[in-house]
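Colleague: Encoded as structure tokens, here's the structure I'll be asking about.
The values are calculated or read from the model by the stated rules, or taken from the named source; none is laboratory data. Quick caveat: nothing in here was measured; it's all calculated off a predicted structure. Cβ sites come from the backbone with ideal geometry, for glycine too, and all protein chains shown count toward neighbours.
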Amino acid sequence: MRSRRSQLLIAAAVAAALAGRAQADPPRPDTSSWTCSQCPFPTGGSATIEAGVGYADGANAGSGRYTGLDHGGPYVAADASGQWRTKSGHYGSFDVEQAGLPSRHASVTQGEEGRYELSLTYQGQPFRQYDDTVTPYRSVGAGTLVLPADWLSSNSTAGMTALEPSLEGVRIESDRRTMALNARYFTSRVWTLFGTYSHSEQSGTGIAGASFLTEAVQLPEPIDYSTDTIEAGALWAGRQASLRLAYSGSWFHDDTDQLYFQNPYLPVVPESIGGLLSLPPDNELQQVSASGEIQLPFWSGALSYLASDGRLGQQGSFVPGSTLGSDPVLLAGSLGGDIDLSHYALSLALTPASRLSMRGRASYDGRDDHTRQLLIPYVVTDALPGGTYLTPRYGEDRTRLEGSTDYRIFRWAQAGVGGDSTHTHYSPEQVLSYLTELQAWGYGTLTPLAALSLTVKAGSGRRDASAFNPAALPLDENPLLRAYDYAPRDREFLTLRGTWALSTALSWSVEGTGSTDAYRLTQEGLKESRQRELSTTLAFSPATPWSVYVDGSYQHLEGLEASLETPGASPWQEREGEYFYTVGGGGEWAIRSRWHLKVEYVHADSRDDTELLPVAGITWFPEDRTGLDTLTLDSTYLWTAALTLHLRYERARYGSADWALQSVLPETVPTLLALGAQPYRYDLDVLELSFVYRLGK
Amino acid sequence: MPTAGVRAALGSCIALATLVLAAQAWGAAAQTTPAAPPANSPAALGYSEHGADTCLMCHRGDARLMTIFRTAHARPGDPRGPFGPGGLQCEACHGPGGAHVKSFGMKPAGIVIFGSHSPTPVAQQNSMCLSCHRADVGHAWAASAHAANEVSCAACHQIHSVSDPVREQATQAAVCGKCHQAVAADFIKPFHHPVPEGTMACASCHDPHGSTARAMLVKSTLNETCTSCHAELRGPFLWEHQPVTDDCDNCHTPHGSVQPALLTERPPMLCQECHDAAGHPSVPYGPQGLPGMPAGMPNPYLLVGGCVNCHSQVHGSNSPSGRALMR
């Protein structure tokens, strides 16, 4: 199988290269006398440097979730960019953004026109989850969490009398830092060699849940990941064909592969005094691919292709399966994880007539799991022997066919039809042997005026599954497990889209979608769901110096699911409705080319209703709500030709209600020692003042 | 497997189709006798007499156009670029401008004008861009959703600007959001990928120029796209969770959600869509399990993380005792 795939890759590459030889150049004018003496090709350098100070009030983990601006006080506001070029054709540029925040970005590019280009980039990605969380655990080295020496165990959090004085704050946050080196070398007009190396590190603290039978604890989980990625290859670009050959490899490494934690509860069995959690093991993914396009000699056709073959492996050492001295589960070596990933695809686009266009695609994605199955005697939550069980492996082959055709009936009317079919074939260990999804749709577009366009698209889909195979499931699982993923389903959907440029200055667009899913033959799992979305924008730009816009959106998602408490019992149902809407507006003004002001306002609300039926007593959950208001003012004043004053103000107010977190402190739930995270809430003011200085032309 | 045949057929198609087409093209090339054009002067072929120098006689006063000379499209040393040796300069993109010049600029006269509201058909606009960029960004363009919907390159790109907003990570989402309004609204939801904050871009996951994957993903499948960043979830694990290996969107929604962790629904209800009457009973955990409820007791199966309070290794476990994804 592997050799056939390799042959396919080589055949595709050779064929594309041969096709490219056939190019016949159209007549080209002799431009040797075009001197471009009036062209102001820049030489020398120019740069813009922005430096100043910002001050945040009311910031916390919620407001600084992705920017890292998570505490009040001053911070450095600094950006810079620049570029240079020599007469000999060497050039370079640099860019630094948000240098004073963990979300900083930097890049440097250097190259020679027509020869090569090198760039180095850095991107920080902070992720702040909670700064109000507390835990009695202390970290002792990497991967070990212990309780204070005076800890008093109990079978309930209320009985842990040393809990309150033992609690210490722990911030649930992490930072990802990615460095990447990109290189391109232009060996000729048609050949380019390229390579990318990136190194990404993620460190910090996350949340892991763990339990001793039914007594659970939330742990501060160490995050210490790094990923190295390489992509290298060659690109050939002929006039009639192209080919891209690439090798890519990605190696994930976790410095901490296990987390030991002491049991804060009275042990269910005397030896169960600690737990051991497995953290993500190292893995690697390597792939080779050939892709490209061939221009067909008829109907303005284009054929795109992709062939890719790769292997996903995992050789991380097994951690001990239990902390129990009397009954450890020790597996020697590692899993030897070995999964073949293969992808093949062909796309075809044809225009048989000026009014008619057709597109089609066939693709195959395979996940072939060769990992050995292991018969393992396992221990339940470091407390009790659980029996012996064979590890399941999951593989699948997915084949997808798509096609569509568009026909312009009149200059002002167009219609089209299309459809797709997806067939997934599962490996023998699974409850299904196959799943088939079919979908068909049609649309019509009217453009009665050049500036007015209305499109209506409607369609339906059907999903069918093979019979369930209960023998593939463990004895204690319901045969209808995973019913939702595989449930036979009917889907209807409708999309409306309109755009109207009332004048060159005034435009309006609206987009609405709706879909309804009904699950046939389903007594359990999701029975029906509905989705409605509407978005609209009105923009007015009467003149270059100023423009305004207003926009809004509305979404409503609704689902009904049924479940059985025990086999044969009457099903209970849960209905959930989710509502989300936004309104916003903004504008830009420029006065005398010196003063520029930009204002934006956004209001967003969400509501989530959950109801259980039929359940005795209260059936409605309290509403989960979020509310966001942000106002941003951004103003620049051109002091001199080289110096600009920049003032930015942001006010953001966010509140939320969440029944899963609200009022749940470490001791609130008798059998859950929680970290005590509360719903996000912040009232943020940010003021930034900086000077922008321009150097060079 | 039934699909093994399909896979073989599809693979064979790739090789066969390309070989046949290559052979045809090779033959056609062999029969073509290179002949000198009757007149290869620019004027004879409809171009201006002096290229950009002609254009700049009128257009050099437009500062917005002149910034092209500070972009990659105007590098005189790059033989691949319009302004490189032998390049057609302005007319490489805007087409032959001889007639436009003869009309003293009074008529467009076949000049290709770019933009969403341009009189030049979108296909013609895009063919100018693709004549150079087909290989590096556009080899899957022809069958892409953007091509099918007649989106012009200039609807997204600002060619004459020093900085093209759609190529900048911090500003890209605003460009995409002009059309994809519902997705733009998703990113305002409380839980989203950091696209509005500018540390990710739409192009981190999607290839706007087309790909052979669904939703124009940058990788061949959704899972390979997601795990290119979330590599710790890539596995393979000793104990796997089938919906995870199948498709990330069985539980997560990519753009934005009102549920934590971009989930499609809140646990335990999300888990109970599949897991009912299994292991321990699928109890309808009701509001009685919330703190402060009369005659109720705070319920660990409902509060905080719900099921993941115990089954935290939902993406897979490498512990020998991780069968129930609890270790």
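Residue-wise test of (1) within 26 Å of A:Gly58 (Cβ to Cβ); (2) in contact with a Pro (Cβ under 7 Å, 6 or more places away or on another chain); (3) in contact (Cβ under 8 Å) with a residue 24 or more places away in the chain.
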site	(1), (2), (3)
A:Lys598	yes, no, yes
A:Leu612	no, yes, yes
A:Glu650	yes, no, yes
A:Arg694	no, no, yes
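Colleague: Okay, moving on. So is B:His117 at pLDDT below 90, closer than 30 Å to A:Ser304 by Cα and not small (Gly, Ala, Ser) or not?
Modeller: For B:His117, the condition - at pLDDT below 90, closer than 30 Å to A:Ser304 by Cα and not small (Gly, Ala, Ser) - is met.
Colleague: Answer yes or no: is there a residue in segment A:45-67 that is part of a loop (DSSP other than H, G, I, E, B) and under 17 Å from B:Ala74 (Cα atoms).
Modeller: The answer is no; no qualifying residue exists.
Colleague: Somewhere in segment B:250-267, is a residue of a type in the set (Ser, Thr, Tyr) and surrounded by fewer than 21 Cβ atoms within 10 Å (Cβ to Cβ)?
Modeller: yes
Colleague: State all residues of segment A:538-571 that are more than 27 Å from the chain's Cα centre (by Cα) and at pLDDT 85 or above; if no residue qualifies, say none.
Modeller: A:Leu538, A:Ala539, A:Phe540, A:Trp546, A:Ser547, A:Val548, A:Tyr549, A:Val550
Colleague: Identify, please: which residue in segment A:529-583 is in contact with a Ser or Thr (Cβ under 7 Å, 6 or more places away or on another chain) and touching a residue at least 40 places away in the same chain (Cβ under 8 Å) and is, among those, surrounded by the fewest Cβ atoms within 10 Å (Cβ to Cβ)?
Modeller: A:Ser547
Colleague: Within the group A:Ser342, A:Ser308, A:Ser300, A:Ser357, which residue is assigned to a loop (DSSP other than H, G, I, E, B) and in contact with a helix residue (DSSP H, G or I) (Cβ under 9 Å, 6 or more places away or on another chain)?
Modeller: Exactly one residue qualifies, and that residue is A:Ser300.
Colleague: Farther than 28 Å from A:Thr536 by Cα and buried (at least 17 other Cβ atoms within 10 Å of the Cβ): does that describe B:His193?
Modeller: In short, no.
Colleague: Restricting attention to segment B:297-312, report how many residues are assigned to a loop (DSSP other than H, G, I, E, B), more than 7 Å from chain A (Cβ to nearest Cβ) and either among the small types (Gly, Ala, Ser) or within 37 Å of the chain's Cα centre (by Cα) (or both).
Modeller: 1
Colleague: Hey, any hits in segment A:381-388 for a residue that's among the hydroxyl-bearing types (Ser, Thr, Tyr), without any contact (Cβ under 8 Å) to a residue 40 or more places away in the chain, out of contact with any Ser or Thr (no Cβ under 8 Å at 6 or more places or on another chain) and within 28 Å of A:Arg367 (Cα to Cα)?
Modeller: Looking for residues that are among the hydroxyl-bearing types (Ser, Thr, Tyr), without any contact (Cβ under 8 Å) to a residue 40 or more places away in the chain, out of contact with any Ser or Thr (no Cβ under 8 Å at 6 or more places or on another chain) and within 28 Å of A:Arg367 (Cα to Cα), one finds at least one in segment A:381-388, hence yes.
Colleague: Could you tell me whether any residue of segment B:115-122 is out of contact with any Leu (no Cβ under 6 Å at 6 or more places or on another chain), surrounded by fewer than 17 Cβ atoms within 10 Å (Cβ to Cβ) and on the phi > 0 side of the Ramachandran plot?
Modeller: Among the residues of segment B:115-122, at least one is out of contact with any Leu (no Cβ under 6 Å at 6 or more places or on another chain), surrounded by fewer than 17 Cβ atoms within 10 Å (Cβ to Cβ) and on the phi > 0 side of the Ramachandran plot, which makes the answer yes.
Colleague: So which pairs qualify, if the first residue must be in segment B:44-67 and farther than 12 Å from A:Ser37 by Cβ and more than 8 Å from chain A (Cβ to nearest Cβ), the second must be modelled with pLDDT under 90 and in a helix (DSSP H, G or I), the Cβ gap must be under 8 Å, and the two must be at least 6 apart or on different chains?
Modeller: B:Glu49/B:Ala43
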